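Colleague: Would you mind keeping the following structure in view while I ask a few things?
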Amino acid sequence: MLKLIFWILIFLVFYTYLGYGILLLFLNTIKKFLKRHPADEKSLFEPPEVTLLVAAWNERSIVNQKMQNTRNLTYPKDRLKIVWITDGSSDGTPEVLGNYKEVKVLHQPERQGKTAALNRALKFIDTPFVVFSDANTILRPDSIMRLMEPFSDERVGCVAGEKRITRNYADVAAGAGEGTYWRYEAWLKIQESKYSSALAAAGELYAIRTSLFKPVNPDSIIDDFIISMDIARQGYLIKYQPLAIAEETSSLNIKEELKRKVRIASGAVQTVFRYPFLLNIFRHGFLSFEFISHKFLRWMIVPLAIPLILVLNVIICLSTNFTEHLYTTVLALQSIFYIFVVIGLLLEGKPVRLQFIFLPSYLAIVNYAQYAGFIRYLRKKHNVIWEKARRV
């Protein structure tokens, strides 16, 4: 029985991190083979009116950089509106924005959290499309134009951009691991989008049809996931646009990254408890399959499975006197993994060219954050108003 549980847990971890991606690749290969695409009709793309919405709290230090980046966007200026909502900011962010005549600033003294701010801001949006972007995110010049292209299909309700972590060979462990993690996430979303619909969007850069927005519960922690997922629940597709690129620096160190991950983990637990029907594959079909494979297993099952695999592996090896080579090999591989976890933590902040060695430590941080986030949620310590993680 122990061996059966052991292999089931290994399968779940493998499927979560690699198997799901392999399955998507296989499904897309079959789809491409079976479906003959007619020649695309070439038509002129007329950019629609769009509002770029930036939710910011005490971002005075980066307002000018963000606005210079916004002015460099190649989207037609007469079709692009810019709105910042700065609720609760006390560092002069609204006053700095006042120097930019093209910006509409929404501000109230009370700080209620990002989700409440977005709910309030959407009441003032009068364009058919709205693009969400974080204040500390730098957009490629053609990013909004690229985001709008998939909306030529009326079935598309949301388009997610690609988040990239800017880094160099002197990056800390958090930065190297985060960059690798997001590159794999991008590939998964591309595969999901090709087959049917991506699961959700990340808050750094995504766009929706304004008419599809439904106010989100103000205490929701991961607003971007809920907003985009709700559009998918309405029957619309979420497409992933890898050419719409948003760049962001990595967390300053592992401690700052952990702070961010624990908050996200708490929001993940909140989402599972609040929207259990997303697990009903008979009701939501492929959307539920994506949610279970891409999020639920990663959020709720794998963090429990990983330490159990190690414990069961040791028990099995001890009970067989290390005579079954398969189990000793697996234990050796696990030991190597944990050695790299320790190495990654010890080398944090040091310039290391072989950055793949930081991935095990980043995965360990991610899974530890799920425990901490789960406990925080159960203790009702989660809060939509949070301290921002410092970045490089």
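The values are calculated or read from the model by the stated rules, or taken from the named source; none is laboratory data. Since this is a predicted model, take the numbers as computed values, not measurements. Virtual Cβ from ideal backbone geometry, glycine too; neighbours counted across all protein chains shown. Ligands, DNA and RNA are stripped out before the accessible areas are found, and what is left, the full protein with its side chains, is counted by its heavy atoms. Shrake-Rupley method; radii C 1.70, N 1.55, O 1.52, S 1.80 Å.
Colleague: Taking K32 as the residue in question, decide whether it is out of contact with any Asp or Glu (no Cβ under 6 Å at 6 or more places or on another chain), closer than 25 Å to A207 by Cα and open to solvent by 90 Å² or more (accessible area, probe 1.4 Å).
Modeller: The answer is no for K32.
Rundown of residues vs (1) assigned to a strand (DSSP E or B); (2) crowded, with 22+ Cβ neighbours inside 10 Å; (3) among the acidic types (D, E), yes/no style:
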position	(1), (2), (3)
E95	no, no, yes
K101	no, no, no
F124	no, no, no
S133	yes, yes, no
M145	no, no, no
P150	no, no, no
G157	yes, yes, no
R164	yes, no, no
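Colleague: I'm trying to understand the selection: among the residues of region 246-270, which are β-branched (V, I, T) and open to solvent by 10 Å² or more (accessible area, probe 1.4 Å)?
Modeller: At the first step, the residues of region 246-270 found to be β-branched (V, I, T) are 249, 254, 262, 264, 269.
Answer for region 246-270, where residues must be β-branched (V, I, T) and open to solvent by 10 Å² or more (accessible area, probe 1.4 Å): T249, I254, V262, I264.
Colleague: Kindly check whether there is at least one residue in region 236-257 that is under 19 Å from D134 (Cβ atoms) and part of a helix (DSSP H, G or I).
Modeller: yes
Colleague: Right, something else. Going through F296, F273, F291 one at a time, which residue ends up being open to solvent by 50 Å² or more (accessible area, probe 1.4 Å), under 22 Å from the mean Cα position of the chain (by Cα) and under 29 Å from K255 (Cα atoms)?
Modeller: F273
Colleague: Considering only region 239-253, I want to know if a residue exists there that is in contact with a Pro (Cβ under 8 Å, 6 or more places away or on another chain) and in contact (Cβ under 8 Å) with a residue 24 or more places away in the chain.
Modeller: Step one: of region 239-253, the residues in contact with a Pro (Cβ under 8 Å, 6 or more places away or on another chain) are 239, 241.
If we keep only those that are in contact (Cβ under 8 Å) with a residue 24 or more places away in the chain too, we end up with 239, 241.
Yes; the residues of region 239-253 include at least one that is in contact with a Pro (Cβ under 8 Å, 6 or more places away or on another chain) and in contact (Cβ under 8 Å) with a residue 24 or more places away in the chain.
Colleague: Among the residues of region 35-57 satisfying the criterion of being surrounded by fewer than 18 Cβ atoms within 10 Å (Cβ to Cβ) and in contact with a helix residue (DSSP H, G or I) (Cβ under 6 Å, 6 or more places away or on another chain), which is modelled with the lowest pLDDT?
Modeller: P47
Colleague: For region 72-93, what are the residues that are assigned to a helix (DSSP H, G or I) and open to solvent by 10 Å² or more (accessible area, probe 1.4 Å)?
Modeller: Pass one, region 72-93, residues assigned to a helix (DSSP H, G or I): 77-79, 93.
Within region 72-93, K77, D78, R79 qualify.
Colleague: Among residues belonging to region 204-221 that are buried (at least 21 other Cβ atoms within 10 Å of the Cβ) and not acidic (D, E), point out the one that is nearest to I165 (Cα to Cα). Even if it seems obvious, please write down each step before you answer.
Modeller: Taking region 204-221 as the starting set, the residues that turn out to be buried (at least 21 other Cβ atoms within 10 Å of the Cβ) are 204-208, 220-221.
Next, only the ones that are not acidic (D, E) stay: 205-208, 220-221.
On the way: L205: 13, Y206: 16, A207: 20, I208: 23, S220: 25, I221: 22 Å.
Only one residue tops the list, namely L205.
Colleague: Just name the residue that is modelled with the highest pLDDT out of those in region 166-186 that are open to solvent by 10 Å² or more (accessible area, probe 1.4 Å) and in contact with a Gly (Cβ under 7 Å, 6 or more places away or on another chain).
Modeller: R167
Colleague: Please enumerate the residues belonging to region 59-71 that are open to solvent by less than 80 Å² (accessible area, probe 1.4 Å), of a type in the set (S, T, N, Q) and farther than 17 Å from V130 by Cα.
Modeller: N69
Colleague: Another question, if that's okay. Looking at region 222-238, is at least one residue at negative phi, modelled with pLDDT under 90 and not charged (D, E, K, R)?
Modeller: Yes, region 222-238 contains at least one residue that is at negative phi, modelled with pLDDT under 90 and not charged (D, E, K, R).
Colleague: Checking the condition modelled with pLDDT under 95, aliphatic (A, V, I, L, M) and within 30 Å of S61 (Cα to Cα), which residue from V342, V314, V366 passes?
Modeller: Testing whether each residue is modelled with pLDDT under 95, aliphatic (A, V, I, L, M) and within 30 Å of S61 (Cα to Cα) leaves just V366.
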